[in-house]
Amino acid sequence: MDAMDLIRGRHSVRQYLDKPIPEALQSQLNAYAEELNRESGLHIQILYDEPDCFNSRMAHYGRFENAANYIAMVGRKTPSLEERCGFYGEKLVLKAQELGLNTCWVALTHGKSKAIVGPGEKEVIIISLGYGKTQGVAHKGKAAADVSNFSSDSPDWFKQGIEAALLAPTAINQQKFRFEREGNRVTAKAGVLGTNLKVDLGIVKCHFEIGAGKENFDWA
């Protein structure tokens, strides 16, 4: 399954089966998380068989069920931290999808995680992980013209990048981002009013790169 198939097939899932993630899959996820940590400078951690984080009133409000595994997006406090958490967290989300697992980005509807947060670090957001009771459902999104300067004469790579970005998960499906292309240079900006906008920006930039192909453009 190629990356675009993973993007199209992945949807947020909050209800999971009471089924542990096998050690073989844990090893693959852990190895990829360490690879991403080396590349990004983040302190991503994956916690397994730890249901306490979702055993809270907020988690019940968020309608989570059997959420016993999660990815903690942690890193040193810098202006780029939230965007990097979105970008590299989504890479790990798509890896989980490739391995037959389901996920959901979770900002507020969880309790205290057991991730290690060192001096000068911050836990930005977590991602629930496991075998979903379903594969989730797609939500109606915006059109390409709503989030970019896409036009009928835009190159195919830009069209494909925007298509991938529009399939990205964003907080409460707000899709508050914008891409502008000038030649082969692309600018991506977060919205002004909303929640977790910088995390969302990182997620949609990850998707855009996959759809457009990094060899076809440069970030402005």
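The values are calculated or read from the model by the stated rules, or taken from the named source; none is laboratory data. In this text, all values refer to a predicted model and were calculated from it rather than measured experimentally. Cβ atoms come from the backbone with ideal geometry, glycine included; neighbour counts cover every protein chain shown. The area values use the complete protein model at the heavy-atom level, side chains included, leaving out ligands, DNA and RNA. Shrake-Rupley method; radii C 1.70, N 1.55, O 1.52, S 1.80 Å.
Among rounded, prolate and oblate, which fits region 46-169 when a ≥ b ≥ c are the square roots of the eigenvalues of its C-alpha gyration tensor, a/c under 1.5 means rounded, and a/b larger than b/c means prolate?
Working: a/c = 2.31, a/b = 1.57, b/c = 1.47.
Prolate is the answer for region 46-169, as a/c is 1.5 or above and a/b outweighs b/c.
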Taking a probe of 1.4 Å and leaving out DNA, RNA and ligands, the chain shows per residue an accessible area in Å² of 51 Å²
Each label sits 7 Å from Cα toward the beta-carbon; between Ser27 and Arg8 the label points are separated, in nm, by 3.3 nm
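Leaving ligands, DNA and RNA out of it, report the carbon-plus-sulfur percent of the accessible area of region 154-196 at a 1.4 Å probe. Walk me through the numbers on the way to the answer.
On the way: 1180 of 2310 Å².
Answer for region 154-196: carbon and sulfur cover 51 percent of the accessible area.
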Of all DSSP beta bridges having both residues in the chain, the percent classed as antiparallel (nearest 5) is 80 percent
Scoring region 104-220 by relative contact order with C-alpha pairs under 8 Å, at least six apart, yields a percentage of 25 percent
Excluding residues fewer than 8 positions from Lys176 in its own chain, the aspartates and glutamates with Cα under 12 Å of it are Asp146, Asp200
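May I ask which of Lys189/Lys214; Lys114/Lys189; Lys19/Lys91; Lys95/Lys159 have a Cα-Cα span longer than 29 Å here?
Lys114/Lys189
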Taking a crude spin-label model, label points 7 Å out from Cα along the C-beta direction, the Lys142 to Gln174 distance in nm is 1.2 nm
Among (i) 36, 17, 16; (ii) 29, 18, 17; (iii) 32, 18, 17, the entry matching semi-axes √(5λ) of the Cα gyration tensor in Å as calculated here is (ii)
For the chain the mean separation of alpha carbon contacts under 8 Å (6+ apart) over residue count, i.e. relative contact order in percent, is 25 percent
Note on region 86-137: contact order normalised by length, alpha-carbon pairs under 8 Å, 6 or more apart, percent, works out to 43 percent
For Glu121 and Arg185, extending 7 Å from Cα along the Cα-Cβ vector and measuring point to point gives, in nm, a value of 3.7 nm
Karplus-derived 3J(HN,Hα) from phi for region 109-118 (6.51 cos²θ - 1.76 cosθ + 1.60, θ = phi - 60°), whole Hz, x at Gly and Pro, runs 7, 7, x, 6, 7, 9, 5, 8, 10, x
With 0.36 nm assigned to each residue of separation and the Cα-Cα distance removed, Asn37 to Glu50 gains 2.5 nm
